[in-house]
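Read the figures in this text as sums done on the coordinates, not as results from a lab. All figures in this text were calculated on a predicted structure; none of them were measured in a lab. FYI the Cβ positions are ideal-geometry reconstructions off the backbone, even for glycines, and counts take in every protein chain you see.
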Amino acid sequence: MEYLAREYPLFSACGLNCGLCPRYYTAGPSRCPGCAGSGFSALHPSCGVLSCCGRKGLEYCFLCAEFPCKKYTGADLSDSFITHKNQFKDMQKAKREGLEAYKAGLEEKAGALAALLKGYDDGRKKGFFCLAVNLLELEDINTLLARLMDETGPEATLKAKAAAATRLMEELAEKRGVLLKLRKKSKAQQ
């Protein structure tokens, strides 16, 4: 099914932060363009949420009077390539603060993620960095980036930079009570 291209594919109709997903940063044919971005239908031929939003003329589910509907039953219990842990919280934040403010924060997070991937990814940290940036607050991510710059200089190897970034993210996540791990579907959920 072809979906109407969305104006802002980095924040999905169902509330996921596509701009913080490892598949968004993948090179090659499996790269996801974000929710209903160019080429989305080839990778995701069936999306009940986008179909429903299209029928109702809505950009986001949280704008619907029926939200959350049965499509969301169990949606936040497991993850795919991207975490679903903050899906409802992020939609509530977008509704409360307004879409433009939410998008601005997401753009800042995506910029921080890009900096981490460029300067601290040793080829093995993309998924972890995406997860951490998605789950941690923007202020914490910005503080973490500043600490990384202080702790690792230009002479540090990429391996040392990746280790420092991972350590700082894990410390921060523990301090905030955030588990930096994707949740797989249980056999009962499948």
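Per-residue ellipticity at 222 nm, computed for the chain from helices alone with -39500 (n - 2.57) per DSSP H run of at least four residues, works out to -15000 deg cm²/dmol. Once the Cα atoms are used to define both axes, helix 87-97 deviates from the longest principal axis of the chain by about 80 degrees. For the residues GLU170, GLU151, GLU137, a GNM of the chain with alpha-carbon springs under 10 Å puts the largest fluctuation on GLU151. Relative to the longest principal axis of the Cα atoms of the chain, the long axis of helix 99-120 lies at roughly 40 degrees. For the pair ALA27 and ARG96, a Förster radius of 35 Å applied to the C-beta separation gives a FRET efficiency near 0.45, rounded to the nearest 0.05. Around the Cα centre of the range 66-111, unit charges on the Cβ atoms of Lys, Arg, Asp and Glu (plus for the first two, minus for the last two) sum to a dipole of about 160 debye. Looking at the range 67-135, the trypsin sites (Lys or Arg not before Pro) that sit in a DSSP loop and have at most 10 other Cβ atoms within 10 Å of their own Cβ are ARG124. Extension gain, CYS69-MET149: 0.36 nm per intervening residue step, less the Cα-Cα distance, totals 24.4 nm. Comparing mean-square fluctuations of LEU16, LEU50, LEU77 from a GNM of the chain with C-alpha springs under 10 Å, the top value falls on LEU77.
Each pair of Cα atoms in the chain enters the Kirkwood radius, and Stokes-Einstein at 20 °C and 1.002 mPa s then converts it into a translational diffusion coefficient of 122 µm²/s. Charges on Cβ only, +1 for Lys and Arg, -1 for Asp and Glu, centred on the Cα centroid of the range 18-176; of ALA110, SER78, LEU131, which one is farthest towards the dipole's positive end? Selected residue: SER78. The distance linking the range 65-117 with the range 118-190 is 18 Å (Cα centroid to Cα centroid, whole angstrom). For the chain, the relative contact order works out to 21 percent when only alpha carbon pairs closer than 8 Å and six or more residues apart are counted. Evaluated with a Cβ-only charge set (Lys, Arg +1; Asp, Glu -1), the chain carries a dipole of roughly 800 debye about its Cα centre, given to the nearest 20.
Against the main long axis of the alpha-carbon atoms of the chain, helix 138-151 sits at an angle near 20°.
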